[in-house]
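**Q** Have a look at the structure that comes next, please.
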Amino acid sequence: GWYVRSITQLATGAAKKPVDASRNGIAVKAGEKLSGVEVVIAEGAASLNGRAVPVKEGSKLPSRLRIHLIPAEAAAADDVLRYAETTVAADGVFGFKHIAPGKYLLRARQAAEKEANDDQARPLAWDAVERAKLRREAAAAKNEIELKDCERVKEHVLRW
């Protein structure tokens, strides 16, 4: 039941003030030693399992479908650690684990063929422009869910 609450790194230079490393990432080269990084882990993670189903009865789900979990609170809009994405199996099943408690928006989106075939693809939420686009799309879809501490949501249905 653990999730990553924050990742900070001491700034270089005179300031020596911790900065949010989760937003911009940390570049590490092979063999490089890293110091000054703090990862805060918290108890109480939630999980969400469900199935994506087509809105139109008898239709098929598109291939390369991904489900995005987006924090609903405006204050968490740039908290990259609160975003998650997962692929949808052929039968529509999806799942998220180790999620921070809170209100979320769910958004189903078909991945571009290049993204789907690239196992090194970065999550969309890591890019500020894509993150903002995801938030707008999710807000328009209005598919909200609240995950409480240690809650295990099963069989959630997401219509696409």
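The values are calculated or read from the model by the stated rules, or taken from the named source; none is laboratory data. Keep in mind that this is a model prediction, so the values were computed, not measured. Cβ placement follows ideal geometry from the backbone for every residue including glycine, while neighbour counts extend to all protein chains displayed. Areas reflect the complete protein model, heavy atoms only, side chains present, ligands, DNA and RNA absent. Shrake-Rupley method; radii C 1.70, N 1.55, O 1.52, S 1.80 Å.
**Q** Sort His68, His156, His98 from largest to smallest accessible area, using a 1.4 Å probe on the heavy atoms of the protein chains.
**A** Values: His68 5, His156 40, His98 120 Å².
If we order His68, His156, His98 from most to least accessible, we get His98, His156, His68.
**Q** Let me ask you something else. Identify which of Val55, Val93, Val28 has the largest mean-square fluctuation in a Gaussian network model of the chain, with springs joining Cα atoms closer than 10 Å.
**A** For the chain, modelled as a Gaussian network with Cα springs under 10 Å, the answer is Val28.
**Q** Now a separate question. Which angle from 0 to 90°, rounded to the nearest 10, does the C-alpha axis of helix 128-141 make with the longest principal axis of the chain?
**A** Around 30 degrees separate the two axes.
**Q** What is the percent carbon and sulfur in the accessible area of the stretch 77-160, measuring with a 1.4 Å probe over the protein chains and ignoring ligands? Working shown, then result.
**A** Details: 2480 of 5230 Å².
Percent of accessible area from carbon and sulfur atoms in the stretch 77-160: 47.
**Q** Between the DSSP loop rule and a limit of at most 10 other Cβ atoms within 10 Å, which trypsin sites (Lys or Arg not before Pro) in the stretch 1-84 are left?
**A** Values: sites: Arg5, Lys16, Arg23, Lys29, Lys33, Arg51, Lys56, Lys60, Arg64, Arg66, Arg82; in loops: Lys16, Lys29, Lys33, Lys56, Lys60, Arg64.
For trypsin sites (Lys or Arg not before Pro) across the stretch 1-84 that sit outside H, G, I, E and B with at most 10 neighbouring Cβ atoms in 10 Å, the list reads Lys16, Lys29, Lys33, Lys56, Lys60.
**Q** Now for a different question. Could you check the spin-label model distance between Glu32 and Ser63? Points 7 Å from the Cα along Cα→Cβ, value in nm.
**A** According to this spin-label approximation, the distance is 3.8 nm.
**Q** Summarise the long-distance tail of P(r) for the chain by giving the % of C-alpha pairs beyond 24 Å.
**A** Result for the distance tail: 40 percent.
**Q** Still on this structure: Under a point spin-label approximation (7 Å from Cα along Cα-to-Cβ), what is the Ala139-Glu155 distance to one decimal in nm?
**A** Inter-label distance under the simple model: 3.4 nm.
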